[in-house]
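Note sheet for the following structure.
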Amino acid sequence: MIPRERIIAALKHKEPDRIPVDIGGTESSGIMAVTYNRLKKHLGISGRTQVFDMMQMITKVEPTVLEIVGADVIPLLIEPKQWKPWVLSDGSEVEIPAKINLRKLDNGDIEQISENGTVICRCPKDGLYFDPVFHPLEKSITLEDIDAAKPYFQSTDWPGYLDEDFEDLRAKAQKLYTETDYAIVGNLYVHLFAAAQSLRGFEDFMMDLVANKPFAHYILEKQVEAYLPRIDKYIEAVGPYVQIIQVNDDLGAQNAPQLSPQLYREMIKPYHKTLWQNIKQKSKKALLLHSCGSIYDLIPDLIEIGIDALNPVQVSAAKMDTKKLKKEFGKDITFWGGGCDTQNVLPYGSPDDVKEEVRRRVNDLAPGGGFVFCQVHNIQADVPVENIRAMYEELGTLGHNTKL
C-alpha cells in the first residue's frame, strides 16, 4: 500500500498492510519547535524550521523527518507567503510568519500586536506558548454589539499574518496530490465552541450558555454565518485533492466534558451539525475532529452528526481507556491518536515506559483497522529525544516501517 491508501483503509475500518502513522499532519498531532530543533540536531538534519502555529509554537514537519518516521500523512496548512527569522526561548533559530507583529517588553514578555495596536496575545518571559488576552465580545451587552464584531468572526481561524488565499491553497494541494503519495489532511479548523469562548472570554461564554442563552445562540449563529462562505470556497479550491478534512473544537476537560451532554445537545450540537454536515455533503470527504479531554459521553453524538475520525484520544483523561473506546465505538469511528500518552509517559517516563505504553495502546486500537498512530496531541517541549526515538522504535517492532 502507498501511504494514501493506508489512511483511506484506516478510515474505512479495514486493516492496512501496516499501522498508519501521522506526525505533523494536523496542528494537534505535531511537535513543538523547541523539541523539533532538538530532534533535527539528533538526526543530523539541517534546514529551516518554520513555526506556522504561533499560539502553540508548532512547526511544519519536513519531508526528511516524515520519511524517517515513516509517516503516511501530510498537512494542507494555511501558511504565510513569506517568513522571517526568530529565536526561541532556548536560543535555537526558527522562522515565523513575516506579517506577525511581535513586541518584546522590558520584563521579557512578548506581545502580539494587531494592525490597530491591540495586544492580542502574550507569551511570558521564557514561556512556551502565546496566550490570548483580547476578547472582542467581552464587554458586549446587546445583539447589536455582536453584529458590530463581524470582522472578528470572519478572521477566526484565519489570522491576517497567514496570508495565503484560496488560489494559493489550490495550487499547494494539487502539488501535494500529484507529487507525493501521502494522504492529505485539509486543516480547516472552524472552531465553534472554542471560538465563542475566545471571542467572548471563557468565563463569560460559559455563563452565557446557562444564564443568557439567546445571547450565546446569537454568537454561535454569527460564527456559523462567517464560516459557511469560507467552507464553500475552501472545498471548491482543495476538495479534489484532500482525503480528509480536519475540524476542531475542544469539548473535554480532564475529568469530564466541559458541558453536560444535555447542555451540549441543546446549545452546541445543532451548530456543529450544520457546519460538519455542510462540509461532508459538499466535499464527500471524511471528517477528522480534534477534541481534547474526556469526551467519552459525547462520542455517540459526534458519530451521529458526521465525525469519522477522532483526535487526539486523550488516554489520560477520565473514561478515555483505549480498550473500552475500541470495543464500544471502534466500528463507527477511527481513532487518530492515543498511541502514547503525552501528559505523563512521553515526557516523564523512561524509554522502556514509552515502549510499554505504545504496545498497550496499539494492541488496544489497531486490530481490525480504524486506527492511525500518533501520540496524544503535540509532542511538547519537555519530551526527551530519546523518548521520541523509543516511541517509533517500538512501532518498528510492531511492524511499522521507521528508519529511526
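The values are calculated or read from the model by the stated rules, or taken from the named source; none is laboratory data. As the structure is a prediction and not an experimental result, all values here were calculated from the model. All Cβ positions, glycine included, derive from the backbone under ideal geometry; neighbour counts span all protein chains shown.
Here is a yes/no grid of residues against (1) under 22 Å from residue 285 (Cα atoms); (2) of a type in the set (Ser, Thr, Tyr):
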position: 25; (1), (2): yes, no
position: 41; (1), (2): no, no
position: 56; (1), (2): no, no
position: 59; (1), (2): no, yes
position: 69; (1), (2): no, no
position: 108; (1), (2): no, no
- Message: Go through region 125-176 and report how many residues are touching a residue at least 24 places away in the same chain (Cβ under 8 Å) and assigned to a helix (DSSP H, G or I).
- Response: 16
- Pairs, first over 16 Å from residue 248 (Cα atoms) and touching a residue at least 40 places away in the same chain (Cβ under 8 Å) in region 295-306, second of a type outside the set (Phe, Trp, Tyr) and buried (at least 20 other Cβ atoms within 10 Å of the Cβ), C-beta under 6 Å, six or more apart: 297/257
- Query: Take the residues of region 48-79 that are in contact with an Asp or Glu (Cβ under 6 Å, 6 or more places away or on another chain) and not aromatic (Phe, Trp, Tyr): which is surrounded by the most Cβ atoms within 10 Å (Cβ to Cβ)?
  - Reply: 73
- So which residues in region 276-298 are more than 26 Å from residue 4 (Cα to Cα) and assigned to a helix (DSSP H, G or I), if there are any at all? 296, 297, 298
- Determine which member of the set 94, 119 is touching a helix residue (DSSP H, G or I) at 6+ places or on another chain (Cβ under 8 Å), surrounded by 12 or more Cβ atoms within 10 Å (Cβ to Cβ) and at pLDDT 95 or above. 94
- Go through region 354-393 and give me each residue that's surrounded by 19 or more Cβ atoms within 10 Å (Cβ to Cβ), part of a helix (DSSP H, G or I) and either modelled with pLDDT under 95 or not acidic (Asp, Glu) (or both). 354, 355, 358, 361, 362, 365, 387, 388, 390, 391, 392
- Message: Is it the case, given these coordinates, that residue 343 is in contact with a Ser or Thr (Cβ under 6 Å, 6 or more places away or on another chain) and either over 18 Å from residue 13 (Cβ atoms) or part of a loop (DSSP other than H, G, I, E, B) (or both)?
- Response: yes
- Return yes when residue 140 is under 24 Å from residue 36 (Cα atoms), of a type in the set (Gly, Ala, Ser) and surrounded by 15 or more Cβ atoms within 10 Å (Cβ to Cβ) and no when it is not. no
- Task: Would you mind finding the one in 51, 61 that is of a type in the set (A, V, I, L, M), in contact with a strand residue (DSSP E or B) (Cβ under 9 Å, 6 or more places away or on another chain) and within 21 Å of residue 177 (Cα to Cα)?
- Result: 61
- Within region 4-24, residues more than 13 Å from residue 334 (Cβ to Cβ), of a type outside the set (Val, Ile, Thr) and buried (at least 23 other Cβ atoms within 10 Å of the Cβ) come out as 24
- Task: Please work out which one of (1) β-branched (Val, Ile, Thr); (2) over 30 Å from residue 170 (Cα atoms); (3) not in a helix (DSSP H, G or I) is the condition residue 210 fails and give its number.
- Result: (3)
